[in-house]
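Below: the structure, in structure tokens.
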Amino acid sequence: MPRRWATAVVLVAAGGLAAAPVREADPLLVGTRWTGTLTQKGTFGGGGPGPPKFDTVFTVTRRDGAEFEADLRERTADLDITYIVRGEVVRAADGKGYTLSFRSVDAKDMVNTVPILGVPYTGTVAGRTLKGKWVHRRPAEGTEVEGEFALERAK
């Protein structure tokens, strides 16, 4: 009897009734990790520039259709922070890859830093590569910071 049950599950999934996307086709399934670097340049209000480069890990923690949530860990030798980000992923207009847009909404596990929330990020997934930009400008506070990120899908 257990064998028939297993066969029925396989047939349902193969028949297209399962809602889960195919792992290779969807770059942001829960648990997917991307690793690489994030750069920053500019000046923060009331202070100087921050570190020019962070080791970065982007891990998808929640997915609901096009919407996702992820942990974005940024680390240097002197500081460490994990941002919680929320955004959307959609198929690129040309049908090749995906585009992402997300914002930092919260932070955890902070060491020697304070979070900057509401930062918008945009990126493109092509194959195993996720590249993009971010900008945080608050001229009234004297903050003009921006950067890029380049991540590769971890195996």
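A few points about this structure:
- Scanning segment 58-92 for residues that are exposed (fewer than 15 other Cβ atoms within 10 Å of the Cβ), touching a residue at least 24 places away in the same chain (Cβ under 8 Å) and within 20 Å of residue 31 (Cα to Cα) returns 61, 62, 66, 90.
- Selection within segment 134-144 - of a type outside the set (D, E, K, R), farther than 27 Å from residue 27 by Cβ and either in contact with a strand residue (DSSP E or B) (Cβ under 9 Å, 6 or more places away or on another chain) or assigned to a loop (DSSP other than H, G, I, E, B) (or both): 142, 143
- Extreme residue, farthest from the chain's Cα centre (by Cα), among residues of segment 118-130 that are farther than 13 Å from residue 72 by Cβ and assigned to a strand (DSSP E or B): 126
- Pick from segment 1-59, criterion in a loop (DSSP other than H, G, I, E, B) and either acidic (Asp, Glu) or in contact with a Cys (Cβ under 7 Å, 6 or more places away or on another chain) (or both), ranking: modelled with the highest pLDDT: 26
- Qualifying residues in segment 134-154 (those that are among the aliphatic types (A, V, I, L, M) and more than 16 Å from residue 58 (Cβ to Cβ)) - the one surrounded by the most Cβ atoms within 10 Å (Cβ to Cβ): 145
- Of all residues in segment 93-125 being touching a residue at least 24 places away in the same chain (Cβ under 8 Å) and among the basic types (Lys, Arg), the one that is nearest to residue 58 (Cα to Cα): 108
- Search result, residues across segment 62-90 that are among the polar types (S, T, N, Q) and over 18 Å from residue 38 (Cβ atoms): none
- Some residue of segment 126-139 being charged (D, E, K, R) and in contact (Cβ under 8 Å) with a residue 60 or more places away in the chain: yes
- Complete set of residues in segment 93-147 that are of a type in the set (A, V, I, L, M, F, W, C) and at positive phi: none
Matching residues to (1) modelled with pLDDT under 95; (2) among the hydrophobic types (A, V, I, L, M, F, W, C); (3) surrounded by 15 or more Cβ atoms within 10 Å (Cβ to Cβ); (4) not in a strand (DSSP E or B):
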{"position": "94", "(1), (2), (3), (4)": "yes, no, no, yes"}
{"position": "102", "(1), (2), (3), (4)": "no, yes, yes, no"}
{"position": "108", "(1), (2), (3), (4)": "no, no, no, no"}
{"position": "113", "(1), (2), (3), (4)": "yes, no, yes, yes"}
{"position": "116", "(1), (2), (3), (4)": "yes, yes, yes, yes"}
{"position": "132", "(1), (2), (3), (4)": "no, no, yes, no"}
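The values are calculated or read from the model by the stated rules, or taken from the named source; none is laboratory data. Nothing here was measured: the structure is a model prediction, and the numbers come from that model. Methodologically, a virtual Cβ is constructed for each residue, glycine included, from the backbone with ideal geometry; neighbour enumeration extends over all protein chains shown.
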